[in-house]
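Below is one structure, written out as structure tokens; comments come after it.
The values are calculated or read from the model by the stated rules, or taken from the named source; none is laboratory data. Just so you know, these numbers come straight off a predicted model, no measurement behind them. As a convention, Cβ positions derive from the backbone with ideal geometry for all residues, glycine included, and neighbour counts pool all protein chains shown.
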Amino acid sequence: MTDEGASSSVDLDDPAYYLNRELSELRFQKRVLHEARDERTPLLERVRFLAIFTRNMDEFFMKRVGGLKQQIDAGVTERTVDGRTPREQWSEVLDTARPMFRKQADCYRETVKPALATNGIQVLEYDELTDTEQAEMRTYFDESVLPTLTPLSFDPAHPFPFISNRSLSLAVLTRKRPDEESTFTRVKIPPNRPRLVAIEAGSRYVRIEEVIRANLDLLFPNVEVVDTALFRLTRNAEVRRDEEVAEDLIDIIEEVIEQRRFATVVRLELEASAPGQVRETLVEQLNLTEQEVFELPAPLDFRDFEVLTDLDRPDLHVERWEPLPHPRLTPSRSGTDTRLDGTQDGDVFAKISDGDILLHHPYHSFEDTVQRFLEAAASDPDVLAIKAAIYRTASDSQIIQSLIDAAENGKQVAVMVELKARFDEQNNLEWVRTLEEHGIHVAYGTVGLKTHTKTALVVRREDDGVKLYSHIGTGNYHSETAKGYVDLGLLTSDGDIGRDLVKLFNFFTGPSLDEQFHKLLIAPVAMRDQFTRFIRREAAHAREDRSARIVAKVNGLEDPAIVRELYEASEAGVDIDLVVRDICRLRPGVPDISENIRVHSHVGRFLEHSRIFYFENGGDPEYYIGSADWMTRNLDYRVEAVAPITDPTIQAQLQFILRLLLADNRRRWVMNADGSYTQQRPDDERVIDTQAVLMDEARRVHESEEWTQGIARETDLPDAGLLIDGEASSAE
């Protein structure tokens, strides 16, 4: 560490100053669920947020609750920085999540479903169908659903059936005679049949589980169906093997994928009307505690309801958005392309040489920017080599195809594919095999680390020698998520950044990671120390009455050491705004500790995923973007890259984005000292919705042919003390 932090006037080891990671994550999920409950959200967007909430909570239980349960089973009693044991966290998490699921169910049944019906979209119960419609559904069941079903009974002749993760099931109790004990049978709701069966396309639907339930006599002839209940399991995804003793990383990943199928159950969602026998059987056979059972009214699992958002009902949707070409990378409508030096040139590399280019997805098209960059490299005869780090990518990735094309065109291609990208392991395994089949050198990962950096490097032969072109991004090389995630990317021909990437890619295939870099902040070797130095530098400026300000936009702020540094900077007088999408351990507004810190969170139609770091530095401000959050895992256990932004025009654009985020009164939430959040709403003032403003600006620039670097005008924002120039910002 280059600078020593000043000692605090309070004991910053006190657990009271740190929020719990898991409970903070659940507060974020409450904000997601609020979008489904907010009357200002268009109706089909509310349906989409019901589905998003289900997917998010599934992942939370698989990863976070599963991890806590593993620690409990292993006898771990060590307390977190907020003072909780794994068992205490597990218990609080389950108690906190329970009413959230009830609110989701109530939102659907009491608000969304009636509103859909009012607007001509009915999701009906089976007994609401006409006799004719029920007859049609019985025929549909007999011909199209029944052949796909496999009833699995549990009795002395049959063991308890295996039940896959997140599959929706119907428990059926049957008996042959009234004096017999009922037999438990599990019927899996077929995932390859439509969950919402269309009676009248676009207007009338019935859930497939209700079609199955109403026609069980065809599946169970000659027995009495006594009772039924829907249920759904969530299994632990935290299945690990010791990489240090492994012989082959691919074998490990394949084993992890297989073990997840049989992993411990961490949650049972059960229809509230379920008979006692069904509940008792499931709890006993799955080795669950009562606390892990979540009784909810049907329907369970809202993921499949997202199909309704495909309906052609613009009156019920958010405004349609198609990402636009970047102005610096788009030929003019006259058919010519003017470079900054006045010459005509359509070469993407010439444009990057003219000056750094900032990409902003989904406002800028991924296909017309990042994908075009790699496609151009693959076909350019002067390109000698391409290197890329892939964490997640689409199943039909054109990025991968560009790399294959490059290899077939005789270029040296090296790809780092992170096999340990959770839930994308199988997809990445398939891409590894495809790349290797085309003779491309593939690195799979690093022992003890995940490679999370989003970087690409193109080595090109030019008249004055070999030149390096780099892409540093905050998001994955994934064309589909780029349409719904807000991310930034830098295209640059800066030689120092290029040489830093050369070192980084050599680490992926070589024995060690260099600790000396020209410009990039690289984890795990230097990033923590450099961020700490930047925060302490702001504190030193504040103590000397120089302008001192920090604005950081991250997905998560979990690292206790960074939280402590921010507390000490606040005590020194540094003005701090933190835009944190979800997990945040820091408590803002605590007297004598964090009075100068405000924490904001945004939930909108796009997932905020970009990372931006701003340090006022006594009037000589510095900006950075990159792949790392202020999480311990990012700083110490992942390979990450954060790049400095030195171009004044791009700095102005980043400043505008940050100002806009801090002025937002439609999507912004402000954290209170107790960890709760208050949503900001306009009070007799115009609505400022960050994502809507940026979409409007992207359209304006595209339609006006203002081929400039920026996409936004600072004059569009009111001067509300929000300038990033050392002045305090208002947290309302």
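Things to note:
- Where a residue in segment 124-137 is more than 20 Å from Glu110 (Cβ to Cβ) and its partner, wherever it lies, is assigned to a loop (DSSP other than H, G, I, E, B) and among the polar types (S, T, N, Q), with Cβ under 9 Å and at least six apart: Met137/Asn215
- Qualifying residue in segment 472-490 (condition: farther than 27 Å from Leu607 by Cα and either within 28 Å of the chain's Cα centre (by Cα) or surrounded by 22 or more Cβ atoms within 10 Å (Cβ to Cβ) (or both)): no
- Of all residues in segment 694-713 being within 12 Å of Phe656 (Cα to Cα) and not β-branched (Val, Ile, Thr), the one that is modelled with the highest pLDDT: Leu694
Conditions tested, residue by residue: (1) assigned to a strand (DSSP E or B); (2) in contact with a strand residue (DSSP E or B) (Cβ under 7 Å, 6 or more places away or on another chain); (3) among the charged types (D, E, K, R); (4) closer than 24 Å to Asp494 by Cα.
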residue	(1), (2), (3), (4)
Phe517	no, no, no, yes
Ile522	yes, yes, no, yes
Gln530	no, yes, no, yes
Phe534	no, yes, no, yes
Glu538	no, yes, yes, no
His541	no, no, no, no
Arg546	no, no, yes, no
Lys553	yes, yes, yes, no
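- Reported count of residues in segment 89-144, each being among the β-branched types (Val, Ile, Thr) and more than 24 Å from Leu33 (Cβ to Cβ), is 3.
- Residue in segment 398-411 that is over 23 Å from Thr492 (Cα atoms) and within 24 Å of the chain's Cα centre (by Cα) present: no
- Tally, over segment 501-522, of residues that are without any contact (Cβ under 8 Å) to a residue 60 or more places away in the chain and either crowded, with 23+ Cβ neighbours inside 10 Å or among the aromatic types (Phe, Trp, Tyr) (or both): 1
- Selection of strands (runs of 3 or more DSSP E) fully inside segment 145-201 by the criterion of at least 1 residues being without any contact (Cβ under 8 Å) to a residue 24 or more places away in the chain and surrounded by fewer than 19 Cβ atoms within 10 Å (Cβ to Cβ) returns 196-200.
- Verdict on Ala523 being within 29 Å of Asn20 (Cβ to Cβ), among the hydrophobic types (A, V, I, L, M, F, W, C) and within 26 Å of the chain's Cα centre (by Cα): yes
Each row is one residue, and each column tells you yes or no for (1) among the polar types (S, T, N, Q); (2) within 26 Å of the chain's Cα centre (by Cα).
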| position | (1), (2) |
| --- | --- |
| Ser610 | yes, yes |
| Asn617 | yes, no |
| Asn634 | yes, yes |
| Ile657 | no, yes |
| Leu660 | no, yes |
| Val670 | no, yes |
| Arg681 | no, yes |
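- Segment 431-466: number of residues that are closer than 28 Å to Ser610 by Cα and out of contact with any Pro (no Cβ under 9 Å at 6 or more places or on another chain): 19
- Which numbered condition Pro560 fails, given (1) closer than 24 Å to Gly83 by Cβ; (2) in contact with a strand residue (DSSP E or B) (Cβ under 7 Å, 6 or more places away or on another chain); (3) buried (at least 22 other Cβ atoms within 10 Å of the Cβ): (3)
- Residues satisfying the stated conditions in segment 202-217, i.e. under 30 Å from Glu180 (Cβ atoms) and surrounded by 14 or more Cβ atoms within 10 Å (Cβ to Cβ): Ile208, Glu209, Glu210, Val211, Ile212, Arg213, Ala214, Asn215, Leu216
- The single condition among (1) assigned to a loop (DSSP other than H, G, I, E, B); (2) surrounded by fewer than 21 Cβ atoms within 10 Å (Cβ to Cβ) that Asp582 does not satisfy is (2).
- Residue tally, condition at pLDDT 50 or above and assigned to a loop (DSSP other than H, G, I, E, B), over segment 229-247: 6
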